[in-house]
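Trainee: One structure coming up, written as structure tokens, with questions to follow.
The values are calculated or read from the model by the stated rules, or taken from the named source; none is laboratory data. Since the model is a prediction, treat every value here as computed from it, not as a measurement. When we count neighbours, we look across all protein chains shown, and the Cβ atoms used for this are built from the backbone with ideal geometry, even at glycine. Only protein heavy atoms, including side chains, enter the accessible area calculation; ligands, DNA and RNA are left aside. Shrake-Rupley method; radii C 1.70, N 1.55, O 1.52, S 1.80 Å.
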Amino acid sequence: MDCPICGSDEIEILNSKQKTSKKKFTEEYLLKCEDCGHVFKDVVSLKKPRPYRIIISEQDKSHKTTIDLSPSDELEIGDVLLSEFGQVEVSGIEVGDKRVKKSQLEDVNTIWASSIEIPARIGFSVDLHGEVDSYKLDLERDFEIAPGDVVKIDNHIVKVHVIKTQERKLTSGFAKANVIKRVYSKPVKFNNYDYDLTKNIFKKSERD
Ligand SMILES: [Zn+2]
């Protein structure tokens, strides 16, 4: 807020009072302009938080719950909220029957989010000429995997060929674990490797 007399934004808060009514939080400020000395009042009011429907995905599961947010706030994809399942990142916002990237919460019906408390779970396939060893791995969400990486996993040393993410198949570049669905690899006859994922194996299966 700026001084209504001189336009300065060097404002000192002399006093503030909070008022709560049925629907609103109101904060009344007594302010003083540090440039011209003018004393004035300002009122900020926020609508009281109300529960919003939120669907939180966590690994293979999803939780339907609610989260209390002020309808006066704005919500955007990528925002981090604190839910009963810990921190979640907003991945979808439904307004009416449309999905939007950003909205005033007032208009929002449903929020989709994914947990960022927990490691990312990805699939990892080792192609053994027809047979496939398939693993589920738990990785730090920002762990980076690139096509061409040489990886030790279980009793294999493999080279990453293709990374399937939520949106595309990568044969170059890199991807972070939180967007990876599955990594495809083939054994190589190396003794050295870039990193070892054996300790990250959550489950091994022939095929999933
Ligand atoms: Zn002023």
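Trainee: More than 30 Å from Arg141 (Cα to Cα), open to solvent by less than 80 Å² (accessible area, probe 1.4 Å) and of a type outside the set (A, V, I, L, M): which single residue out of Lys48, Lys24 fits that description? Give the steps one after another, and end with the answer.
Mentor: Values: Lys24 fails: open to solvent by less than 80 Å² (accessible area, probe 1.4 Å).
The unique qualifying residue is Lys48.
Trainee: Looking at Val100, Val160, can you tell me which residue is free of Cβ contacts under 8 Å to residues at least 12 places away in the same chain and open to solvent by less than 50 Å² (accessible area, probe 1.4 Å)? Give the derivation first.
Mentor: Working: Val160 fails: free of Cβ contacts under 8 Å to residues at least 12 places away in the same chain.
Among Val100, Val160, only Val100 is free of Cβ contacts under 8 Å to residues at least 12 places away in the same chain and open to solvent by less than 50 Å² (accessible area, probe 1.4 Å).
Trainee: Now for a different question. Going by the structure shown, is Val126 over 30 Å from Leu81 (Cα atoms) and of a type outside the set (D, E, K, R)?
Mentor: Values: over 30 Å from Leu81 (Cα atoms): yes; of a type outside the set (D, E, K, R): yes.
It is true that Val126 is over 30 Å from Leu81 (Cα atoms) and of a type outside the set (D, E, K, R).
Trainee: So, of the residues in the stretch 6-21 that are open to solvent by 80 Å² or more (accessible area, probe 1.4 Å) and charged (D, E, K, R), which turns out to be modelled with the lowest pLDDT?
Mentor: Lys19
Trainee: To continue, here is another question. Can Val80 be described as open to solvent by 60 Å² or more (accessible area, probe 1.4 Å) and either closer than 30 Å to Phe202 by Cα or within 30 Å of the chain's Cα centre (by Cα) (or both)?
Mentor: On the way: open to solvent by 60 Å² or more (accessible area, probe 1.4 Å): yes; either closer than 30 Å to Phe202 by Cα or within 30 Å of the chain's Cα centre (by Cα) (or both): yes.
Here the answer is yes, as Val80 does meet what is asked.
Trainee: Count, please, the residues in the stretch 34-58 that happen to be under 20 Å from Lys17 (Cβ atoms), within 16 Å of the ligand (Cβ to nearest atom) and without any contact (Cβ under 8 Å) to a residue 24 or more places away in the chain.
Mentor: 1
Trainee: Counting just the residues of the stretch 10-26 that are part of a loop (DSSP other than H, G, I, E, B) and within 23 Å of Leu69 (Cα to Cα), which one comes out nearest to the ligand (Cβ to nearest atom)? Step through it out loud before you land on a result.
Mentor: First pass over the stretch 10-26, keeping only residues part of a loop (DSSP other than H, G, I, E, B): 10, 21-23.
From the residues that got through so far, the ones that are within 23 Å of Leu69 (Cα to Cα) too are 21-23.
Details: Ser21: 31, Lys22: 36, Lys23: 33 Å.
If we take residues in the stretch 10-26 being part of a loop (DSSP other than H, G, I, E, B) and within 23 Å of Leu69 (Cα to Cα), then Ser21 is nearest to the ligand (Cβ to nearest atom).
Trainee: Now a separate question. Restricting attention to the stretch 59-75, and to residues there that are open to solvent by 50 Å² or more (accessible area, probe 1.4 Å) and not charged (D, E, K, R), which single residue is nearest to the ligand (Cβ to nearest atom)? Talk me through it step by step, then tell me what you get.
Mentor: Here is the first cut: in the stretch 59-75, the residues open to solvent by 50 Å² or more (accessible area, probe 1.4 Å) are 59-62, 64, 66, 68, 73-74.
When the remaining residues are screened for being not charged (D, E, K, R), the result is 59, 62, 66.
Working: Gln59: 55, Ser62: 53, Thr66: 44 Å.
Restricting to residues being open to solvent by 50 Å² or more (accessible area, probe 1.4 Å) and not charged (D, E, K, R), the top hit is Thr66.
Conditions (1) free of Cβ contacts under 8 Å to residues at least 24 places away in the same chain; (2) surrounded by 13 or more Cβ atoms within 10 Å (Cβ to Cβ); (3) within 15 Å of Pro147 (Cβ to Cβ), marked per residue:
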position: Thr165; (1), (2), (3): yes, yes, yes
position: Gly173; (1), (2), (3): no, no, yes
position: Ile180; (1), (2), (3): no, yes, yes
position: Ser185; (1), (2), (3): no, yes, yes
position: Asn191; (1), (2), (3): no, no, no
position: Asn200; (1), (2), (3): no, yes, no
